[in-house]
Amino acid sequence: MIETVCSVVENHRLQPGYFRLRLRVRPPVEPAPGQFAMVRSHGEYEPLLRRALVFYRSYPGEGFTDVDFVFRTMGRGTSRLSRLRAGDWVDFLGPLGRGFEWRAAGSGNEALLVSGGVGIPAFFLWAEQLCARNVEVRLFHGDRTSDREQGLICVNDFAALLGSDHVACTTEDGSAGSKGLVTDLIEHHLIAADGRPRRIFACGPHAMMRRVAELGSKFGIETQVCLEAPMACGFGICVACVVRLKRADSDLSDYHRVCLDGPVFDAERVIWD
């Protein structure tokens, strides 16, 4: 983890309300898939708190790393980030948190990535790493609707990496992909799947991840979820982002900090209130 001031390389509007921000970070960083950074426009203190953004892509350079974030404008903080331009300065703290894991992954394994809405950026670094380990990776992505001209955010990047036949999309209004819920797509895939080793990774709305956790349990597949929670500090001091997890050895539960102990957790331990 480093705290620094970094420069904006570019900031593109992907479609209404969605932006792709590229920062040049010095000294170099190596974000793990699922990790995040706390960012804020430099020299501005309204709003006071930084915003947590998951790393989307990473480009190592000589003495620096360019990192991409894809985000949706939802309030004052993200609206201010959307107005950044090349050459502006940003307060950066990261990489933070615990990311995705699959130590034994290799050839013959299958990874099922399930995303909803703005949860999709959390997976690109992970998909790259798994492909490099010869894992077959499939993305199942869902959203309420899609932009008529631009389609669904980030999907083209995943199709280029995985192949279009390994990317399946749904929208609730049928404007892109099939009409329905992404959890229906993953359930149909699991029903028809063979018995080879596979794992599920999910990031998106709470209800979607809860259903994915249920499917993982039903089919006996280890499942990891990347949770989102309000954060003030990003490294465990403020205790604003706690979630309840089951203890491994009993029916009792404890509170854990999403920023420090997560944001990635084993789905079977999360109490989905």
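The values are calculated or read from the model by the stated rules, or taken from the named source; none is laboratory data. In this text, all values refer to a predicted model and were calculated from it rather than measured experimentally. Glycine also receives a Cβ, built like all others from the backbone with ideal geometry; neighbour counts cover every protein chain displayed. For the accessible areas, the whole protein counts, side chains as well, though only heavy atoms, and no ligand, DNA or RNA atoms are used. Shrake-Rupley method; radii C 1.70, N 1.55, O 1.52, S 1.80 Å.
Things to note:
- Of residues in region 1-27 being surrounded by 15 or more Cβ atoms within 10 Å (Cβ to Cβ) and in a loop (DSSP other than H, G, I, E, B), the one modelled with the highest pLDDT: 26
- Here residue 223 meets each of (1) open to solvent by 20 Å² or more (accessible area, probe 1.4 Å); (2) within 28 Å of residue 144 (Cα to Cα); (3) among the polar types (S, T, N, Q) with one exception, condition (1).
- Test for residue 79: is it in a helix (DSSP H, G or I), surrounded by fewer than 21 Cβ atoms within 10 Å (Cβ to Cβ) and among the small types (Gly, Ala, Ser): yes
- Only helices (runs of 4 or more DSSP H) whose full extent lies in region 112-193 are considered here, and the ones with at least 3 residues that are in contact with a Lys or Arg (Cβ under 9 Å, 6 or more places away or on another chain) are 124-132, 182-192.
- Per-region count, region 50-70, residues aromatic (Phe, Trp, Tyr), crowded, with 21+ Cβ neighbours inside 10 Å and assigned to a loop (DSSP other than H, G, I, E, B): 2
- Residues being assigned to a strand (DSSP E or B), touching a residue at least 12 places away in the same chain (Cβ under 8 Å) and either of a type outside the set (Gly, Ala, Ser) or touching a Lys or Arg at 6+ places or on another chain (Cβ under 6 Å) (or both) - total across region 199-258: 17
- Evaluating residue 89 against the criteria (1) of a type in the set (Phe, Trp, Tyr); (2) more than 19 Å from residue 216 (Cα to Cα); (3) buried (at least 22 other Cβ atoms within 10 Å of the Cβ) leaves one unmet condition, (3).
- Matching residues, region 95-138, being of a type in the set (A, V, I, L, M) and either within 13 Å of the chain's Cα centre (by Cα) or farther than 25 Å from residue 181 by Cβ (or both): 96, 104, 105, 113, 114, 118, 120, 122, 125, 127, 132, 135
One line per residue, one yes/no per condition, for (1) at pLDDT 95 or above; (2) open to solvent by 20 Å² or more (accessible area, probe 1.4 Å); (3) under 24 Å from residue 34 (Cβ atoms); (4) among the small types (Gly, Ala, Ser):
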{"residue": "123", "(1), (2), (3), (4)": "yes, no, yes, no"}
{"residue": "147", "(1), (2), (3), (4)": "no, yes, no, no"}
{"residue": "157", "(1), (2), (3), (4)": "yes, yes, yes, no"}
{"residue": "166", "(1), (2), (3), (4)": "yes, yes, yes, no"}
{"residue": "177", "(1), (2), (3), (4)": "no, yes, no, yes"}
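- So residue 172, is it open to solvent by 40 Å² or more (accessible area, probe 1.4 Å), farther than 29 Å from residue 259 by Cα and not small (Gly, Ala, Ser): yes
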